[in-house]
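Just so you know, all these numbers are worked out from the coordinates, no wet-lab data involved. All values derive from a computational prediction rather than experimental measurement. Cβ placement follows ideal geometry from the backbone for every residue including glycine, while neighbour counts extend to all protein chains displayed.
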Amino acid sequence: MRFPIHITTDMMKHQTRMAMRGRERYPYVLMLEPLYTCNLACLGCAVERHTGKLKDRLPLERCLEAVDQSEAPVVSICGGEPTIYPELKELVEGIIDRKRHIYLCTNALLLDKHVFDKVAPHKRLTINVHLDGMRETHDHVCAREGVFDHAIEMIKQAKARGYHVMTNTTVFKETDVNEVRELCEYTKSLGVDGMLISPGYQYESVQRDMFLARDDIHAKFKKILGFSKHYRITSTPQFLEFAAGMRDYNCSPWSTVTFTPNGWKGPCYLIGKQYTHSWEEFWNDTDWDYWESRKDDLCQNCAMHSGFEASVVAESRKSPKDMVRLAAWNFLG
């Protein structure tokens, strides 16, 4: 299977519960950013995500309250660099106690110091290591030499210790797709359990000319789609076809909600038009119809999985052929 069976069944149960409640919109994933402190300042990262003070981090109880409020079956712990969060062990344990699945999104530099001896392997925990290319490219994006080699060593150690490990790669304007395939081949040889590949999207607070316009996304992802079946890429085939310009979907910004030290971020993970510490205010006051339509200028070059994978699932329910494709992709992948 492409995903562990408990993740698949938990997602199916969640969708069934929401349908029984008559809800058409509901979160699939909570992006939980407990801090804005980081040990890197990567070129593609928004400034606020690596300049925060540790003292301004979210309290543990507030993080767990956000998990409860969102009801999302998957929690992606990001930031900042989450391995710096002093209460990480208690946070992971609290989320697991709630029977949610965790993706710990990390640059991997501190796994040996802050995770391996504190947070035990668990079927509900996946370590998600960011790799934006092979050595030279990744170190350039991270603006520091040696990051790639250290991350690879941490992946090897994590696999040896029994953790479920995947990688996360962002495709930028200057990304060589042949290098993406080389990275897939290399991480496959390390025994990683999955690979997420997503097009780079220009954050509001990132002004560098390194992000993809829509035509760039289509061109690069047509090539990625061509070799995707050879690797455990976690993006659905329909999403890859969307990124390649072969399908079109409305966005589902409500499917991935984000809680940060500034509160709930609206309307989506990447666009912060407003922040509020009230879940009800965030959920009820966001104009979901407008943001689903992709009419806003900020949405024109976005093809992020966080907004469109839920759209893939919703639209696939209308097509028996697409449902069969999804099932085969997951269970036979």
Return the distance in nm (one decimal) between the two label points of a simple spin-label model at residue 1 and residue 321, each offset 7 Å from Cα along Cα→Cβ.
2.8 nm
Sorted by Cβ density within 10 Å, fewest first, the residues 114, 122, 277:
277, 122, 114
List the Cys residues of the chain that have no partner Cys with a C-beta closer than 4.7 Å.
38, 63, 142, 184, 251, 268, 299, 302
At 25 °C in a medium of viscosity 0.890 mPa s, the range 227-267 has a Stokes-Einstein diffusion coefficient, with Rh taken as the Kirkwood radius over alpha carbon pairs, in µm² per second, of 193 µm²/s
Per the helix-only model, the chain has a calculated mean residue ellipticity at 222 nm (DSSP H runs of ≥4, -39500 (n - 2.57) each, divided over all residues, rounded to the nearest 500) of -12000 deg cm²/dmol
Show me the trypsin sites (Lys or Arg not before Pro) within the range 89-162 that DSSP assigns to loop and that have at most 14 other Cβ atoms within 10 Å of their Cβ.
98, 99, 118, 123
Antiparallel bridges, percent of DSSP beta bridges restricted to the chain (to nearest 5):
20 percent
Rh (Kirkwood, all Cα-Cα pairs) for the range 1-135, Å, reads 15.8 Å
Taking only Cα atoms of the range 131-243, what ratio of Rg to Rh do you get with Rh as the Kirkwood inverse-distance radius?
0.97
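Here is the link list: 55/220; 13/321; 13/223. Which ones come out longer than 32 Å on Cα distance?
In this structure, 55/220; 13/223 exceed 32 Å between Cα atoms.
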Can you list the aspartates and glutamates whose alpha carbon sits under 20 Å from that of residue 222, skipping same-chain ones fewer than 8 residues off?
132, 174, 176, 179, 182, 185, 241, 248, 309, 322
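What ranking do 12, 154 get, fewest neighbouring Cβ atoms within 10 angstrom at the top?
Values: 12 11, 154 22.
Least crowded to most crowded, the residues run 12, 154.
Could you give the Stokes-Einstein D for the range 175-324 in µm² per second, using the C-alpha Kirkwood radius, 25 °C, 0.890 mPa s?
After rounding, the answer is 147 µm²/s.
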Partner aspartates and glutamates for residue 273 [C-alpha distance under 19 Å; skip if fewer than 8 residues away on the same chain]
33, 48, 204, 281, 285, 287, 289, 292, 296, 297
What ranking do 106, 286 get, fewest neighbouring Cβ atoms within 10 angstrom at the top?
286, 106
Largest first and in whole Å, give the semi-axes of the chain's equivalent ellipsoid, each being the square root of 5 times a Cα gyration tensor eigenvalue.
26, 25, 21
For the range 3-69, run through the GluC sites (Glu not before Pro) and keep only the ones in DSSP coil with at most 14 other Cβ atoms within 10 Å of their Cβ.
24
